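The values are calculated or read from the model by the stated rules, or taken from the named source; none is laboratory data. Treat the numbers as computed from the prediction; the structure is a model and nothing was measured. Cβ coordinates were reconstructed from backbone atoms using ideal geometry, including for glycine residues, and neighbour counts include every protein chain displayed.
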Amino acid sequence: MVRMSMRRPATVATAAAGVLAAALVSVTSPGATAKPPHHQPTSTPVPIATPDGVVSSYLLNARTTNANQVHRVERAVTEAGGTVVQTWPQIGVVVAHSTSSTFRDDVKDEARGSLYSVGATRTVPVTEGTPVDARAKRRDVSKRTSAVTPDPREGEQWDMRMIKADQAHEITDGSRSVLVGVLDSGIDPDHPDLVANIDTADSVNCSDAGRPDRSATGWYPTTSDHGTHVAGTIAAARNGVGIVGVAPNVRMASVKVVNDDGFIYPEYAVCGFMWAALHHMDVTNNSYYVDPFMFYCSDQPDQAAAKLAVDRAVQWSIDKGVVSAAAAGNASYDLANKTTDSTSPDDGTPVDRTINNDCQDIPTELDGVVTVSSMEQFPAGSTESRLSGFSNRGLGVIDVAAPGSRILSTIVNNNGYGLKSGTSMASPHVAGVLALMKSAHPSWSPATMLAKLRAHADDKACTAATAGAPCVGPASDNSYFGEGVVDALDAVQ
C-alpha cells in the first residue's frame, strides 16, 4: 500500500493478514503493492532485454497458494524451457532461470491461467549461475561472555545516548530468546564484539540466485563490511571489548542478501524475508533498497511482478511474527512526492524516467515495514541534531528517525571499528530498539510493536531545511523525523 497519507498504527495492526490474503487470492487486487494510481502520470517504461543464449532471472507469482496452481506454474517454467531455482509455496512465488528471449510470453501460455504475473529481476545476465543444493554441517551457536564494566569505546557512541540506549541498558541488555535477522552483506564470523551473538545455525546465504545456500561459510562477508557494521550497532556484545550495541544480549542471524558485486536483487530479498519467517526470527534489519530500481512502479510489468513477490514475502513474515526496520534511503528524496528517477536501473544503463507515488522504494515503503530516516549531530559534538543531508524524507512515509551520520561500529578489517554514514546506519538502531522491546514484551505482535515504537518516539519539531526541501508537519509527525526520535528506554519500560 502506498503511504501517501498519514499512516496510523491501527491501520497496520488490522491490515497485515488481510493484505497478504488479498495478495494471494485476488486477481483484480493483487495486494498492498497494487494500489491503482489516481490521476498520476504513467511512469516511463524501462524494458528489460532477455536475449537468447544468456541466463536471465525471473520471479513468477501464482494466482493463489493452492498447491495445484503453484505446481502448474512450476511445470509451466519447465515446459517453457526454463529451470525452477526455488519455490516458496507459502506465498505462491517461483524463482526461475531461462536462456530464452520469449520466456515471459511462453510461460504465460503454458501456465493456463495459474500465473498472475512474471517479471525479469535484473537487466544483466545471471552471474552466479543456476545453483545446486549445497548442504553442510555448521557450528553450534557460540556462547556469550559477559562483563560488568563499560566497554572501552562506549564513551564515543553519541548515537546510543541520543536514543537512550545507555539508560535502557540499566534495565536490560535484551533477551537471548530474541533473534534478529541481519539482511545484509554478511557478518564477520570471528569479530570479538560479534562472535558471541551470532546464531550460526540460523544464518544463510540468499545471494545464490535466491535459493538458500546453507553451506558453512556462505553467510560470511566477502567484498563488503556493510553488514558487519550494521550488526555491531544492533548487538555488539557487552564484553569489555570495543563498543556496545543497542541490544547487546540478543542473538543475530546473518542473512546474506548482497552478492559480491554489491547488488540485492528481488529474489534475494524474497529469500531473506522467507528465511526470517521460517526460522522464527523476531526482527529483521534491512539497510538497502532492492536493485536494480530505486523505485518499483506498479504500471511496469517486470517491476510490478518483482515488487509483488517481495511484498508477499514481507507480509507473510509479518503474519509469522517478524517486524522489520528498513533504511529510508540516501538520495535526499521526498518519498511522498515522487516525480523523477535518473539512477535506475543501476545494474545497467540508467535512464531518466518519470515516476509517480505508486512507484515504491522497497522494502522500506511496503506496508508494515518501519521506515527510518537519518539524523546527525549538529553542531558537531553537541547533544543537538538535525536530519542528515543525504536522508530521504516524506510526510506520512517516515515512521521514526535515528542517528545515521558518522556512526562508530564494527568492521571486518583487522576485526576493528570504523565510522560509516547513511540511513543504513540509522535503521539498525531501530532494529536494536525493536529487539529490546521484544525482549521486554515477548507477546507483542509486529503491529503492536510498530504502534508502540511510533507512540514512544520523542517528538522532534521541524528544523531548518537540511536537504534543500522544507520540513512539513508538526513535531508529533513530520516529513523529516516521522513521529520522532526512536526511544530505547521507553521500549523496555
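Annotations
- Some residue of region 260-275 being of a type in the set (Phe, Trp, Tyr), assigned by TED's automatic domain parsing to the domain that holds Ala231, out of contact with any helix residue (DSSP H, G or I) (no Cβ under 9 Å at 6 or more places or on another chain) and surrounded by fewer than 24 Cβ atoms within 10 Å (Cβ to Cβ): yes
- Looking at Ser317, Ser287, just one residue is within 23 Å of Pro221 (Cα to Cα), crowded, with 19+ Cβ neighbours inside 10 Å and among the hydroxyl-bearing types (Ser, Thr, Tyr), and that residue is Ser287.
- Selection within region 104-123 - crowded, with 19+ Cβ neighbours inside 10 Å, of a type outside the set (Ser, Thr, Tyr) and not in a helix (DSSP H, G or I): Leu115, Val118, Gly119, Ala120, Arg122
- Here Thr217, Thr223, Thr228 are screened, and the one residue that is surrounded by 24 or more Cβ atoms within 10 Å (Cβ to Cβ) and over 18 Å from Trp88 (Cβ atoms) is Thr228.
- Residue check for Ser101: assigned to a loop (DSSP other than H, G, I, E, B), surrounded by 14 or more Cβ atoms within 10 Å (Cβ to Cβ), modelled with pLDDT under 90 and not assigned by TED's automatic domain parsing to the domain that holds Cys206: no
- Some residue of region 404-423 being in the same structural domain as Ala236 (by TED's automatic domain parsing), surrounded by fewer than 16 Cβ atoms within 10 Å (Cβ to Cβ), in contact (Cβ under 8 Å) with a residue 24 or more places away in the chain and of a type in the set (D, E, K, R): yes
- Some residue of region 311-318 being touching a residue at least 40 places away in the same chain (Cβ under 8 Å), part of a strand (DSSP E or B) and assigned by TED's automatic domain parsing to the domain that holds Val250: no
- Among (1) buried (at least 24 other Cβ atoms within 10 Å of the Cβ); (2) in contact with a Pro (Cβ under 7 Å, 6 or more places away or on another chain); (3) not β-branched (Val, Ile, Thr) - the single one Ser207 does not satisfy: (2)
- Sole exception among (1) in contact with a Ser or Thr (Cβ under 6 Å, 6 or more places away or on another chain); (2) surrounded by 14 or more Cβ atoms within 10 Å (Cβ to Cβ); (3) at pLDDT 50 or above; (4) on the phi < 0 side of the Ramachandran plot for Pro41, by number: (2)
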